[in-house]
Every structure is written in structure tokens, then in C-alpha cells.
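There's a structure below that I have some questions on.
The values are calculated or read from the model by the stated rules, or taken from the named source; none is laboratory data. Fair warning: this is a prediction, and the values are worked out from it, not measured in the lab. Because the Cβ atoms are built from the backbone with ideal geometry, glycine has one as well, and the counts that use them run over all protein chains shown.
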Amino acid sequence: MALRRNRAGSEAPAIAHTSLPVVCIVTADDDFIREAILELIPWFQVVIRNDYEDLARWTKEAHVVAVILDIDTDGEDPRGGLSVLNELRKLNGNFVLLSLSRARTRAVEKSALEVGADAHFRSPVDLSELRLTLAETLRRRSEEAAREQMRRQVFETSRFQDFVGASEPMRLMYDAIEQVADSSINVLIRGESGTGKELAARAIVALSRRAKKPYIRLNCAALPENLIESELFGSERGAFTGATESRPGQIELADGGTLFLDEIATLTLPLQTKLLRVLEDRHVQRLGGRAQRKIDFRLICATNEPLEEMARTGRFREDLYYRIHVVPIHLPSLRERAGDIPLLCEHFLQIHCIANGLPVKQFAADALAVFDEHSWPGNVRELENLIQRLVITVRGEEIRASNLPPRLLAHSAAVQEAVLLPEAGTDFDAEVQRLEIALLTAALRRSQGGKAAAARLLRLDGQRIKYLCRKYAL
């Protein structure tokens, strides 16, 4: 491993081409340098500076990711070192900055943390603790950068921001929505309960030429049969008991805009016939009335039922099916887009922690492994409701598998394997290895073999996951 010592006024060092992160140590203490090199060299590429001269520019050119700065390098007065520390933090908010000092007062440590240090160490330094702090802070920075990259990727792949997801099934859905949005053709949104069918309808409307016109939503399953006809088609005064005045229906209210009929499969056959007539004639007749009112609206329907099968068996009009099925859009279940679960978890944690005035929590790797195995029959809605509950019930900043409901843990192979202890006991080291292999395999499967993504899921640094994968031939 190459070590570079850089004297005053020299150019940025020629960093060896390795995958190890570059760490710069800035100190004039040769004893510390020797000991630090022995501690850090297996995990980091180390470069040495003996002074502060032009340090900010130098670290940028050398692609340094972390600086260990002795703020006593210019003498006993730490103000020069604190000033450099502040300059480095302003230069790059993602730098990992660790400060060192021989000063025994809390004031120096407080000042170092205030101007930008991630951690402060007093001499003599526990180098093992310093290495662990450095690795952990780099890991957190890497996770933050990965999350930010994923957020950018999500919003770059879609012109609408109500959805959270960057998986391939979601990209296909985004493309389908954008292709049909600006037309006037009828759209049928298919998907299981909780996948976000109304979000998809709103996205289509937002991207359409009717975006500023009325958007009317009616859940066909939410009203009893004797009310839905008047709600959908309108009614004239005296049309039925209690009809004391004339009322336009949802179809009339949608004139010029979009009508979204959720749970379309629950409409009775007589109402299906009446809706078909409206779609064919582009006129609507109120219940109890004779006048035919001309209307212009776009129809978006949604269902989680097998309409094709219903049409074959006579439970849904075949001609209406073909009228509304001009363009189908499939919303993937959460099982189909399991790779989006970490991003959805972060999204919902942030929303519900902030809404409840709590620090934003995070999920531990064992909890995410359970989520990866769960079938999610309620899809995204089920996940959000669970997270909303966990935000309130779990103390601390990390949600672990042990905090999850028994119904999730009961069917989790990862958790069951992790907690079973044979009556005769077991080999501890062998069990630890087995659990490591199980976690690594689950993370690699979810990340489709990508070690960097798997490392983020398990909160490991890049070198650690490479070592473990080599160790277990994964």
C-alpha cells in the first residue's frame, strides 16, 4: 500500500490507483503517524501532510474523503487548526473530519465540533476507536449519498412526484402513464389493493391537457346500489323519496375534465348498461328526467378484479369492458417491486416522524430482511400503516426485527433461522457464520448482485462486504 508524505508547498500527491478510500493525516507528530499508518493501512489509502498550507485545495485535488487534522500542528494555539477545520467543512460538507489535540479542556473539543469536526480525539489517541469512528462516519456519509442519488433517480425518471420508486416495474409504469396522459382515450388502471391506483389516476390528469379542468372521483363500492345511480347520473326533483331538488351527477360535474371511477367492477349490470350508453352517445340523462345533456369528459377506471373473467361469465358487460379497456396500465404489487422497499421505508419514516414531532428513525438490516420476505398483501398501504405504527411504538432511533409484529416474524425464514437454538446447544461461531451468509445472500438478492447496494442495506463499508463475499464465496 502506497504512503505519501507531502511537504510544505508541494503539489497534491500522486495517489495510487486503488479502490480504498483516501484518508489524509495532517500532523507533525511522527510517532502518531507511524502508529496511525499501522492501524489504518489495511482499510484506507493514507497520505500525510505536515502543515496546513493550501490544505483545502490540496485535499480536493487528491480526492480525499476524510481528513484527520491535528489542530496543534502550528503550535499550542489551536485557533489556526480550528480555522482550517472550518475551511475544510465549508469546502465539502461530505468530508469526514476528525480533529486531534493535546489540549485537555472541553472548550477545545466543543470548538472543534462547532466548526465542523465529526468527532474530536484527545492525545494520546485510542487508534482503534479512531479507526472505527472513521469507518462508521464514512459509512453514514456513503448511505446519505446513496439515498440522495436514489431520490434524484426517482424524480428524474418521472415527471410526477406522488410515487416513490425507481425499480424497473415502476419505470415501465411511469412510461405507460406518460404515453397516455395527454390523449383523450379511456384508461383502465389494474392493480392490487393498496398499490396506488388513485395516485396513478391523478398523475394521468396532472400530465394531461385537462389538468386544470374538473377532476371528479367516485368510488363505486362506497355507496349502496340505491344511491349510486343518482350520484353518478344525477337526479331531478321528485325522482325518488327525498329528492327535494334537482342535482347534477358526477358525470355532469366532470364535463370538460376527467371522471375517475374506482372499483368499477362493483357496478351492477343495469348501471353498466347506462354508463355504456353515456360513453357511446356522449349525453347523460338524470334519474327522473327526460332531457339529454351533452357532456365531454375523459374516463379513467380502476379495479383489482379480473374483468376479463367477469365478462366471460356475464358478471360484467363485455361491450363496456372493451370501451374502458382502451389502454390498460398495470400497477406493480410491492412484491414485484421489492427493491423499492428501502426507499419507501425512508420516505414514510420521514413523513410520519416529522408529523409526530419525533427524530427521524431508521430500519436495521434485520428488519429490512423480514420486509424482503413478507408477501405484502396490502402492498404500499400496508407498509405505510405499519411504519406509522412503528414510529409511535418503538423507542430509540433504530427499528429492529424484534420490534415488528408477530404476524411478520412468524413467516420470516431469516428471523426463524436466527433465533432457533437446538436443545443440545450449538457452535456459536458456526451459527454466526450462517447468519452472516443468510444476511449477505438476502442483501445481494435484493440488490440483484450489486455489492455497493448490498453494503448499504447492511450498513457495511465497501471493503467489509467485499471481504465477507470473498470469505463465503458469494
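Would you say LEU88 is under 17 Å from LEU127 (Cβ atoms), within 33 Å of the chain's Cα centre (by Cα) and free of Cβ contacts under 8 Å to residues at least 40 places away in the same chain? Break it down stepwise before answering.
On the way: under 17 Å from LEU127 (Cβ atoms): no; within 33 Å of the chain's Cα centre (by Cα): yes; free of Cβ contacts under 8 Å to residues at least 40 places away in the same chain: yes.
No.
For a quick check of your reading of the model, give me the residue pairs whose first member lies in segment 290-303 and is farther than 14 Å from GLY249 by Cα, whose second is in a strand (DSSP E or B) and basic (Lys, Arg), with beta-carbon atoms closer than 9 Å and at least 6 apart or on different chains.
ALA302/ARG190; THR303/ARG190
Can you list residue pairs whose Cβ atoms sit under 7 Å apart, with the first residue in segment 23-42 being on the phi < 0 side of the Ramachandran plot and the second being among the basic types (Lys, Arg)? Count only pairs 6 or more apart in sequence or on different chains.
CYS24/ARG49; VAL26/ARG49; GLU39/ARG131; LEU40/ARG131
Can you say whether PRO306 is over 17 Å from GLU192 (Cα atoms) and either surrounded by fewer than 18 Cβ atoms within 10 Å (Cβ to Cβ) or among the basic types (Lys, Arg) (or both), as far as the supplied structure shows? Lay out the reasoning, then the answer.
Numbers: over 17 Å from GLU192 (Cα atoms): no; either surrounded by fewer than 18 Cβ atoms within 10 Å (Cβ to Cβ) or among the basic types (Lys, Arg) (or both): yes.
Answer is no for this residue.
Among (1) closer than 30 Å to ARG335 by Cβ; (2) at pLDDT below 95; (3) not in a loop (DSSP other than H, G, I, E, B), which single condition is ALA222 missing?
Just one mismatch for ALA222, condition (3).
Let me ask another. Going residue by residue through segment 146-164, is there one that turns out to be surrounded by 15 or more Cβ atoms within 10 Å (Cβ to Cβ), modelled with pLDDT of 80 or more and over 30 Å from ALA119 (Cα atoms)?
Checked segment 146-164: at least one residue is surrounded by 15 or more Cβ atoms within 10 Å (Cβ to Cβ), modelled with pLDDT of 80 or more and over 30 Å from ALA119 (Cα atoms).
Given the structure, is ALA430 modelled with pLDDT under 80, aliphatic (A, V, I, L, M) and either in the same structural domain as GLU346 (by TED's automatic domain parsing) or part of a helix (DSSP H, G or I) (or both)?
Numbers: modelled with pLDDT under 80: yes; aliphatic (A, V, I, L, M): yes; either in the same structural domain as GLU346 (by TED's automatic domain parsing) or part of a helix (DSSP H, G or I) (or both): yes.
It is true that ALA430 is modelled with pLDDT under 80, aliphatic (A, V, I, L, M) and either in the same structural domain as GLU346 (by TED's automatic domain parsing) or part of a helix (DSSP H, G or I) (or both).
Taking segment 202-213 on its own, how many of its residues are out of contact with any Phe, Trp or Tyr (no Cβ under 8 Å at 6 or more places or on another chain), surrounded by 14 or more Cβ atoms within 10 Å (Cβ to Cβ) and in a loop (DSSP other than H, G, I, E, B)? Please lay out each step first, then the result.
The initial filter retains those residues of segment 202-213 that are out of contact with any Phe, Trp or Tyr (no Cβ under 8 Å at 6 or more places or on another chain), namely 204, 208-213.
Add one more test, that the residue is surrounded by 14 or more Cβ atoms within 10 Å (Cβ to Cβ), and what stays is 204, 208, 210-211, 213.
Retained after the next criterion (residues that are in a loop (DSSP other than H, G, I, E, B)): 208, 210-211, 213.
Looking only at that region, the number is 4.
Something else about it: Could you please give the count of residues in segment 236-264 that are touching a Cys at 6+ places or on another chain (Cβ under 8 Å) and outside any loop (DSSP other than H, G, I, E, B)?
Adding up the residues that qualify gives 4.
Right, another one. Please count how many residues of segment 313-329 are within 37 Å of the chain's Cα centre (by Cα) and part of a loop (DSSP other than H, G, I, E, B).
Going through segment 313-329 one residue at a time, the tally reaches 2.
What pairs come out if I take residues in segment 445-470 that are surrounded by fewer than 17 Cβ atoms within 10 Å (Cβ to Cβ) and of a type in the set (A, V, I, L, M, F, W, C) and pair them with residues that are part of a helix (DSSP H, G or I) and modelled with pLDDT of 85 or more whose C-beta lies under 8 Å away, six or more apart or interchain?
That search, which allows pairs on different chains as well, returns CYS469/LEU440.
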